[in-house]
Amino acid sequence: MSAPATAITALRSRHLLGIAGMTPEEITLVLDTATAMKEIGSRTVKKVPALRGKTVVNLFFEPSTRTRTSFEIAEKRLSADTLNVAIGTSSVVKGETLVDTALNIEAMQPDMIVLRHSSSGTCHLLSRICKSAIINAGDGTHEHPTQALLDAFTIRERKPTLAGLKVAIVGDLLHSRVLRSNILLLTTMGADVWVCGPPTLIPADIRRFGVTATSRIDEAVEGADVVMMLRIQLERMEGAYFPSLREYFNVFGMTEARLRLAKPDVLIMHPGPMNRGVEIASEVADGPYSVILDQVANGVAVRMAVLYLLAGGADHEETT
Amino acid sequence: MPVVMDADRIGRTLTRIAHEIVERNKGVEALALVGVRTRGVHIARRLARTLKEITGDDVPTGALDITLYRDDLMRHTVGPQPLVRSTEIPFSIDNRKILLVDDVLYTGRTVRAALDALIDFGRPASIQLIVLVDRGHRELPVKADYVGKNLPTQLEESVQVRLQETDGEDEVVLREGGAA
C-alpha cells in the first residue's frame, strides 16, 4: 500500500494547555500547518471557510492587545464566529467565580475557549470541567504556548532548523510564562538554550529544564543564533529585585555593542510589549536583526494552525 | 493490480492534452495553470513545459491546496484533521482563463472545493478542468473539459496515479478495494 491520498494528522490532546507534553512531531505539525496558513494572510480575500459554524470565545481575565487581537484575527480568517469576553465588562466584577463564568459560557455551547488568566493552572482547571476545547493564551507565570510556537515559527523561517541553535533568553526569568513555554519547546526541538537575568530573577531550579543559566549577559549572548529579550514585568513584582530600571538596562539591556558578541546573522526577538530603554535599546528593537514585528505577524498564522488542528475531525475518506 | 496507464501512455496523453489546450484556446494567451495538490501540481507543471515547447510561451503555473475548503471538515467534534499544505498562486487570476488540473476526477467534491478556493483569489475569465483520469461515480454536477483517460470503475476499486515527482515512477494503477 502506498500512502493515502490525503495525509491526516492530529495533536494527541484536544486542548492546548501548554508546550509541556508536546512531542517534536506535534510541534512540527503545528509549524508546518502555520506555514500554509500564513499564505492566506497575503490574499485579497483573507478568509477560508474551514471553521464555519464554530463558535470561539476569547475569555481574557488579563489585559492583552497583541494576543487577543491575534487570536481574533486568526478565528475570523478561518470563518469562526467569535465572541470576546473582557473582565472589565463581565460578571467577574460582580463577584462571580472563574468556574461559574466558564460554566455559564459553556451553557451557550461554544466549541472552543481561548483563555487568559493571571493564575497559573486555570486552563488545566477549565479543561477538566468544560466540554469545549481550551486554548491557553497565557496563564499566570505558567505557560503561553502559542507565543513559543510563533517564536519557533519565526526562527524556522530564517534558520534551517531549530536543533543545535544557541538561543539566549534574557530578562525577567522568574515571572515569565513565555520563558517557560519557550524553554520547553526549544529544548524539545534540540536547541541549546541559555537563560540570563539578575540572580534575584532566576528561579532556583531552572537548570532542571536542561538550560544553562547565567547572570553574565556577555556569556549568554556570545555566539548566539537567537537572542530573545523578556519584558521586565513590573506588575508581577512584589519586591525589589534590582536597584533601578536604569541599572537594569546598564547590566542586562540589549544594546548594539552587546549584540556584536552574537553570530553575525543573529535574530533579535521580543514577545512584547517592549519596555524600550529597560530591557532593549531602541536601536536594537528597530534595527536590522530585529524580527519583533515578524513575530506579531506570524502569531496569526500559528494561532490559525492551532485553532484548525483542535477544531474537530474530518471524515477519513478519499474525496477526489 | 492492473496498470491502466504506463509512463509512455501518460507522456503521450499529456502531450495530446497540451495540443487540445492550444487548439481550443487558440494559443496560450491569458491562460494560467493551477494544479490541485499534490499530484495535480506536478501534472500542471508538465503541461506548462509541453505548452512552452509547442508555443514558445510561458504559462504561469500555481499550486492550490483545497483542504480548508473541503466539505467533510469538522464533521466530528474531535479527531485528526487533513494536513494543510501551502497554496502558491503567484499571479493575479483576474480575467485569466484558468486551467484547473487534478489527477483523478471521482466524486467531484475536490473540484467543488477548488472552484470555491479559486474564486476567493479573484474573478477569472473562465475555468476549464483538466484531469488525467476520469473514473466516474460523480456526486456533484461536475464535468471535465480535458480528460486523459476515461476509466470505468467499480465503487470499491481505487485508482492510484503515481508520478515520478512523488512516487519515483509514472503509472496509473487500478486496485481492488482499500483506500486510495
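Mind checking the alpha-carbon convex hull of the stretch A:146-297 and giving the volume per residue in Å³?
Working: hull volume 14.9 nm³, N = 152.
Spread over its residues, the Cα hull of the stretch A:146-297 gives 98 Å³ apiece.
Which GluC sites (Glu not before Pro) from the stretch A:226-320 combine a DSSP loop assignment with at most 15 other Cβ atoms within 10 Å? List each step's numbers first, then the result.
On the way: sites: A:235, A:238, A:247, A:256, A:279, A:283, A:317, A:318; in loops: A:238, A:279, A:317, A:318.
When the GluC sites (Glu not before Pro) of the stretch A:226-320 are filtered for loop state and at most 15 Cβ neighbours within 10 Å, A:238, A:317 remain.
When every alpha-carbon pair in the protein assembly as shown is counted, what percent end up more than 37 Å apart? Let's see the in-between values first.
On the way: 48994 of 124750 pairs.
In whole percent, the long-distance tail amounts to 39.
Which of these, B:34, B:159, B:22, has the largest mean-square fluctuation under a Gaussian network model of chain B (Cα springs below 10 Å)?
Its mean-square fluctuation being the largest, the pick is B:22.
Connecting C-alpha atoms closer than 10 Å in a GNM of chain A, tell me which of A:179, A:261, A:234 has the biggest fluctuation.
A:234
Please count, across chain B, the pairs of lysine residues with Cα atoms under 18 Å apart that sit 8 or more places apart or on different chains. Working shown, then result.
Working: B:26/B:52; B:26/B:97; B:52/B:97; B:97/B:143.
Counting lysine pairs in chain B gives 4.
Which FRET efficiency value, to the nearest 0.05, do you get for residue A:256 and residue A:84 by plugging their Cβ-Cβ distance into 1/(1 + (r/R0)^6) with R0 = 30 Å?
Plugging the Cβ-Cβ distance into 1/(1 + (r/R0)^6) gives 0.15.
List, in order, the whole-Hz ³J(HN,Hα) value for each residue of the stretch A:254-263 obtained from phi through the Karplus relation with A = 6.51, B = -1.76, C = 1.60 and θ = phi - 60°; use x for Gly and Pro.
Values per residue, Gly and Pro as x: 8, 10, 4, 4, 5, 5, 5, 6, 7, 4 Hz.
Out of the trypsin sites (Lys or Arg not before Pro) in the stretch A:193-271, which ones are loop residues according to DSSP with at most 11 other C-beta atoms within 10 Å?
Values: sites: A:207, A:208, A:216, A:231, A:236, A:246, A:258, A:260; in loops: A:216, A:231, A:260.
Listed in order of number, the matching sites are A:216, A:260.
Under 5 Å between amide hydrogens, which residues at least 5 positions from residue B:62 or on another chain qualify, with H placed 1.01 Å from N in the peptide plane?
Hits under the 5 Å cutoff: B:33, B:34, B:35.
At a Förster distance of 41 Å, what's the computed FRET efficiency of residue B:19 paired with residue A:157, Cβ-Cβ distance as r, to 0.05?
Details: r = 42 Å, r/R0 = 1.02.
That gives a FRET efficiency of 0.45.
Can you give the mean number of other chain Cβ atoms that lie within 10 Å of the Cβ atoms in peptide B:81-93? Before the final figure, lay out each step's value.
Numbers: counts 14, 11, 9, 16, 6, 7, 6, 1, 2, 0, 0, 1, 0.
Average per residue, whole number: 6.
Using helices alone, I'd like the mean residue ellipticity at 222 nm for chain B: each DSSP H run of four-plus residues gives -39500 (n - 2.57), total over residue count, nearest 500. Intermediate values should be presented prior to the final figure.
Working: 4 runs with 51 residues, N = 180.
Value at 222 nm, helices only: -9000 deg cm²/dmol.
Extending each Cα 7 Å along its Cβ direction at residue A:109 and residue A:69, get the distance between those two points in nm, one decimal.
Here the modelled spin labels are 3.4 nm apart.
Provide the convex hull volume over Cα atoms per residue for the stretch A:238-320, in Å³.
Working: hull volume 14.8 nm³, N = 83.
Hull volume over Cα atoms, normalised by residue count, gives 178 Å³.
Using each residue's phi in the stretch A:97-105, evaluate 6.51 cos²θ - 1.76 cosθ + 1.60 at θ = phi - 60° and report the 3J(HN,Hα) Karplus result to the nearest Hz, with x for Gly and Pro.
Each residue of the stretch A:97-105 in turn: 7, 4, 5, 5, 4, 5, 5, 5, 5 Hz.
What whole-number value in cubic angstrom gives the convex hull volume per residue for the C-alpha atoms of the stretch A:47-140?
Working: hull volume 8.0 nm³, N = 94.
Considering the Cα atoms of the stretch A:47-140, their hull volume per residue is 85 Å³.
Could you work out how much longer the chain between residue B:78 and residue B:138 gets when fully extended? Use 0.36 nm per residue separation minus the Cα distance between them, nm to one decimal.
On the way: separation 60, 0.36 × 60 = 21.60 nm, distance 2.87 nm.
Once the chain is fully extended between residue B:78 and residue B:138, it gains 18.7 nm.
About the Cα centre of the protein assembly as shown, how large is the charge dipole given +1 on each Lys and Arg Cβ and -1 on each Asp and Glu Cβ? Please answer in debye to the nearest 20. Mind dumping the intermediate values first?
Values: 58 positive and 63 negative charges, 118 e Å.
The dipole magnitude comes to about 560 debye.
Can you list the residues, at least 5 places off or on another chain, whose amide H is less than 5 Å from the amide H of residue A:137, using H built in the peptide plane?
For residue A:137, the qualifying residues are A:115, A:116.
Using packing as a proxy for protection, rank B:148-158, A:149-159 so that the peptide with the highest average count of other Cβ atoms within 10 Å comes first. The partial results should precede the final answer.
Working: B:148-158: 15.1, A:149-159: 22.1.
Ranked from most to least packed, the peptides come out as A:149-159, B:148-158.
In deg cm²/dmol, rounded to 500, what helix-only [θ] at 222 nm does chain A give when every DSSP H run of at least 4 residues adds -39500 (n - 2.57) and the total is split over its residues?
Working: 11 runs with 112 residues, N = 320.
Roughly -10500 deg cm²/dmol at 222 nm, from the helical runs in chain A.
Using only alpha carbon pairs under 8 Å that are at least six residues apart, calculate the relative contact order of chain A and give it in whole percent. Could the numbers behind the result be given before it?
Values: 578 pairs, mean separation 64.6, N = 320.
In percent, rounded to a whole number, it is 20.
I want the antiparallel fraction of DSSP beta bridges within the stretch A:79-222, as a percent rounded to 5. Before the final figure, lay out the partial values.
Numbers: 1 of 14 bridges.
Just about 5 percent of them are antiparallel.
For chain B, what is the convex hull (Cα atoms) projected area averaged across all directions, in square nanometres?
Over every viewing direction, the Cα hull of chain B projects on average to 10.6 nm².
Can you list residues whose amide H is under 5 Å from residue B:4's amide H, if they're 5+ apart or on another chain and H is modeled 1.01 Å from N?
Under 5 Å from the amide H of residue B:4 lie the amide H atoms of B:172, B:173, B:174, each far enough along the sequence or on another chain.
Quick one: what are the phi-derived ³J(HN,Hα) couplings along the stretch B:33-38, Karplus 6.51/-1.76/1.60 with θ = phi - 60°, whole Hz, x for glycine and proline?
With coefficients 6.51, -1.76 and 1.60, one gets 9, 10, x, 8, 4, 9 Hz.
How far apart, in nm, are two points set 7 Å out from the Cα along the Cα-to-Cβ line at residue B:26 and at residue A:42?
For residue B:26 paired with residue A:42, the spin-label model returns 3.5 nm.
Roughly what % antiparallel, to the nearest 5, for the DSSP beta bridges in the protein assembly as shown?
Working: 13 of 69 bridges.
Looking only at bridges with both residues in the protein assembly as shown, the antiparallel portion is about 20 percent.
The numbers here are math on the coordinates, done by the rules we state, and not lab data. Just so we're clear, the structure is a prediction, and the values are computed from it rather than from any experiment. Heads up, the Cβs are rebuilt from the backbone with ideal geometry, glycines too, and the neighbour counts pull from every protein chain shown.
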